[in-house]
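The values are calculated or read from the model by the stated rules, or taken from the named source; none is laboratory data. Since the structure is predicted, the reported quantities are computational estimates derived from the model, not experimental observations. Here the Cβ positions follow ideal geometry from the backbone for every residue, glycine too, while neighbour counts run over all protein chains shown. Just the protein is used for accessible areas: all its heavy atoms, side chains included, with ligands, DNA and RNA removed. Shrake-Rupley method; radii C 1.70, N 1.55, O 1.52, S 1.80 Å.
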Amino acid sequence: MTKVLVLGGTAEARALAATLHELPEVTVVSSLAGRVRDPRLPVGEVRVGGFGGPERLAEWLSDNGVTAVVDATHPFAERISAAAAAATRAADVPLIMLRRPGWPSRPGWHWVDDLHNARAVAESLGERVFLTTGRQGLPAFADSSHWYLIRCVDQPDSPLPARAEVLLDRGPYTVDGELALLREHRIDVLVTKDSGGPLTVAKLDAAERLGVPVVVVRRPATPDLDAVDTVEAVLEWLRR
Ligand SMILES: NC(=O)c1ccc[n+]([C@@H]2O[C@H](COP(=O)([O-])OP(=O)(O)OC[C@H]3O[C@@H](n4cnc5c(N)ncnc54)[C@H](OP(=O)(O)O)[C@@H]3O)[C@@H](O)[C@H]2O)c1
């Protein structure tokens with residue numbers, strides 16, 4: 001019997017859990033951080049909340065008889081990925097990363113290393129900014145005098161720019177919907193993380209069509225681990 005812990009919070013993690021749940025020789029437990037008020041839940045057993053750091057995660061793996069871990073968290077979830085690498089080393093449990101590829105660069109994209117640079121570049125490109133980088137990074141924009149359309153899943157709980165409109169929504173989005181949004185709010189510049197994947201790519205297509213520049217935050221470095229980008233490749237790894 002194989003017991004797999006899937007560190008989740010992404011569409012890929014949900015797809016993997018659904019596939020593993022069908023395999024009689026596998027028990028799967030998905031783990032969510034508990035950041036989102038009404039998360040999309042994976043199929044099968046789910047635990048919610050932080051582990052309390054890498055040592056606690058290592059204990060959790062041993063106490064729960066986990067035989068393999070898949071880190072299928074978001075490419076920008078750096079701390080849990082580092083914790084997974086350390087904990088699996090300590091508990092001697094095999095680990096693989098399931099990570100969607102980043103988006104290929106397009107004309108009109110400006111690559112930056114972090115949100116502070118994203119703000120500086122975006123504000124040099126226009127007055128009306130569409131910010132899609134999530135709730136957690138909002139303090140980097142709080143004292144701005146530019147106008148912001150902020151789209152995120154849950155209501156932000158940190159200070160916002162004085163001139164901001166919050167749009168609560170979650171993907172997937174359509175190109176037509178994104179075109180309408182960019183036009184309605186007369187957006188000058190779009191800010192995104194290089195999240196990759198199909199669920200939120202429509203904004204990039206819409207921006208390209210309208211000639212709206214895009215500021216893209218590069219992914220953080222990932223731990224040096226085995227990594228794959230499909231559910232099938234994870235199954236292959238588990239079989240081996
Ligand atoms: N960052 C993004 O842009 C983004 C976007 C979409 C979805 N997500 C998802 O949202 C979650 C939180 O993202 P984040 O950027 O806040 O992560 P993070 O900075 O890497 O993690 C912060 C802490 O949250 C806990 N945690 C994170 N993911 C967890 C998981 N899957 N299961 C149990 N505990 C978890 C851990 O707490 P302890 O130290 O207490 O163990 C971790 O130290 C991730 O699971 C990620 O897949 C993130």
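Accessible area of Asp205 (1.4 Å probe, protein heavy atoms only, ligands and nucleic acids ignored): about 50 Å². Fully extending the segment from Val228 to Arg37 would add 65.8 nm, taking 0.36 nm per residue of separation and subtracting the current Cα-Cα distance. One chain, two ends: Asp63 and Asp114. Fully extended at 0.36 nm per residue, the span grows by 14.6 nm beyond their Cα-Cα distance. Here the calculated FRET efficiency for Thr19 and Ser124, from their Cβ-Cβ distance with R0 = 41 Å, stands at 0.35, rounded to the nearest 0.05. Ordered from highest to lowest accessible area with the whole protein assembly present and a 1.4 Å probe, Arg218, Arg151 read as Arg218, Arg151. Considering helices alone, the calculated mean residue ellipticity of the chain at 222 nm is -9000 deg cm²/dmol, with DSSP H runs of length four and up weighted by -39500 (n - 2.57) and normalised per residue. Express in whole angstrom the spacing between the alpha-carbon centres of region 172-240 and region 77-115. Using only Cα atoms, the two centres lie 14 Å from each other. Normalised by the number of residues in the chain, the average gap of Cα pairs under 8 Å and 6 or more apart makes the relative contact order 20 percent.
Within region 1-54, report the GluC sites (Glu not before Pro) that DSSP leaves as loop and that have at most 12 other Cβ atoms within 10 Å. The partial results should precede the final answer.
Numbers: sites: Glu12, Glu22, Glu25, Glu45; in loops: Glu22, Glu25.
Of the GluC sites (Glu not before Pro), the ones in loops of region 1-54 whose Cβ has at most 12 other Cβ atoms within 10 Å are Glu22, Glu25.
Largest accessible area first, the residues Phe51, Phe130 order themselves as Phe51, Phe130 under a 1.4 Å probe with ligands, DNA and RNA left out. Take every Cα pair under 8 Å whose residues are at least 6 apart in sequence, average their separation, divide by the length of region 109-217, and the relative contact order is 33 percent.
Put simply, the amide H of Leu149, placed in the peptide plane, has neighbours under 5 Å in Val129, Phe130, Leu131, Glu165, leaving out anything fewer than 5 places away on its chain. Output the antiparallel fraction of DSSP beta bridges having both residues in region 109-217, as a percent to the nearest 5. Antiparallel bridges: around 0 percent, rounded to the nearest 5. Relative to the Cα centre, the charge distribution of the chain, modelled as +1 at Lys and Arg Cβ and -1 at Asp and Glu Cβ, gives a dipole magnitude of about 280 debye. The eigenvalues of the Cα gyration tensor, multiplied by 5 and square-rooted, give the chain an equivalent ellipsoid with semi-axes of 35, 18, 16 Å from largest to smallest.
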